[in-house]
Each structure stands twice: as structure tokens, then as C-alpha cells.
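Please read the structure below before turning to the comments.
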Amino acid sequence: MTTLSKNSTTPKTAATAQDAIALLKADHGTVSGLFADYEKTNSSNKKKALVAEICSELTVHAQIEEEIFYPAVKKALKDKLLVPEATVEHGSVKDLIAQIEGVEPDGEDYDAKVKVLSEYVKHHVKEEQNEMFPKVKATSLDLVELGAQMTARKSELLAARA
């Protein structure tokens with residue numbers, strides 16, 4: 001699968017593989033759109049469906065970051081701050097997911113938890129995209145190969161959740 005891969009650190013992607021940063025940014029965009037849809041609806045059924053999708057997307061995203069992306073970043077950057085902070089932020093996100101996943105959207109606390117989850121995710125995304133990703137792009141990491149590994153793992157995890 002790496003036949004088209006060049007050890008490039010530019011955000012360009014090969015024809016069959018998305019680089020790791022492009023994959024993560026696409027996930028960020030998907031979740032941002034889901035949160036926007038949540039804010040626009042008053043339907044309990046729609047809220048429950050959106051929260052299920054948000055929780056699934058965030059859970060899988062966090063797992064591929066923790067299993068594949070963060071260890072590679074930590075090693076490449078010899079990082080002792082960005083990755084540990086991102087991992088702690090994941091912990092807060094997971095705690096909120098546990099409080100809302102599979103729960104009926106019944107009132108102010110539910111909406112408040114989804115709102116706080118959205119705010120945590122926005123903060124986390126901003127730090128990744130503005131601080132971590134530019135540093136990662138400046139390394140010799142093969143982002144296309146890393147993206148291929150993450151895509152394969154994401155497919156496995158989504159299939160297991162289905």
C-alpha cells in the first residue's frame with residue numbers, strides 16, 4: 001500500500017492514502033458538523049442519534065490517535081508536553097462520553113454535557129491543529145504511511161462498533 005508513498009512531510013496525499021494529519025483534520029471537521037447539527041435541533045430522537053454518532057466518532061478518533069499517532073509524534077518530537085496534554089484532554093472527553101452515550105436526552109444536564117463536550121473538543125482540536133500538527137509536519141515522519149495505518153485501524157474499530 002505504500003507504493004505511492006514518498007517520505008514527504010508536505011500535506012499532499014498519495015492517490016490511495018490520506019496522510020495522518022489530513023485524516024485527523026477530516027475527523028475534526030466531521031465532529032464539528034455533528035455538534036453544529038446538535039445545536040440546531042430540538043428533536044429528542046435526532047439529539048440521541050447525533051450524540052451516538054458524536055460519541056462513536058470521538059471514541060474511534062481518540063483511540064487511533066493514542067495507539068498510532070501520538071506514540072509516533074512523541075518519538076519524532078521527543079515531546080514531553082503536547083502529547084501528554086492531549087492524552088489528558090482525551091480523558092476528560094471520555095468521561096463526558098461515558099455520561100451521555102446511550103442516555104436519553106432528557107433535559108438541561110444532557111444538553112449542558114453535550115455543550116461542554118463540544119467546547120472541550122474545540123479546545124483540543126485548536127491545540128492540535130495550531131501547535132502539534134505544524135511541528136509534526138516539520139519532522140521526517142512518513143505521514144502517508146502513518147495515515148494508512150490509522151485508516152486501517154479506524155476501519156477495524158468502526159466495524160467493531162457497528
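Please determine whether any residue of region 59-74 is surrounded by fewer than 15 Cβ atoms within 10 Å (Cβ to Cβ), outside any helix (DSSP H, G or I) and either without any contact (Cβ under 8 Å) to a residue 60 or more places away in the chain or under 14 Å from the mean Cα position of the chain (by Cα) (or both). There is no residue in region 59-74 that is surrounded by fewer than 15 Cβ atoms within 10 Å (Cβ to Cβ), outside any helix (DSSP H, G or I) and either without any contact (Cβ under 8 Å) to a residue 60 or more places away in the chain or under 14 Å from the mean Cα position of the chain (by Cα) (or both).
What number goes with the only condition from (1) assigned to a helix (DSSP H, G or I); (2) within 15 Å of Met132 (Cα to Cα) that Asp79 does not pass? Here Asp79 clears every test but (1). Take Ser92 and decide whether it is within 15 Å of Thr59 (Cα to Cα), polar (S, T, N, Q) and touching a helix residue (DSSP H, G or I) at 6+ places or on another chain (Cβ under 9 Å). In short, yes. If you check Asp27, Asp106, Asp79, Asp111 for being buried (at least 19 other Cβ atoms within 10 Å of the Cβ), of a type in the set (D, E, K, R) and either closer than 19 Å to Leu143 by Cβ or modelled with pLDDT under 95 (or both), only one passes: Asp27. Listed by position, the helices (runs of 4 or more DSSP H) contained in region 91-162 that have at least 2 residues being within 21 Å of Ala49 (Cβ to Cβ) are 108-127, 143-161. Consider region 87-137 and keep the residues that are among the aliphatic types (A, V, I, L, M) and closer than 23 Å to Leu77 by Cβ. The one that is farthest from the chain's Cα centre (by Cα) is Val136.
Restricting the first member to region 86-104 and to residues that are free of Cβ contacts under 8 Å to residues at least 60 places away in the same chain and closer than 16 Å to Glu119 by Cβ, and the second to residues that are of a type in the set (S, T, N, Q) and not in a helix (DSSP H, G or I), no beta-carbon pair is closer than 6 Å while six or more apart or on different chains.
The values are calculated or read from the model by the stated rules, or taken from the named source; none is laboratory data. Computed from a prediction, not measured in an experiment: that's the story for all the values here. Quick reminder, even Gly has a Cβ in these numbers, built from the backbone with ideal geometry, and neighbours come from all protein chains shown.
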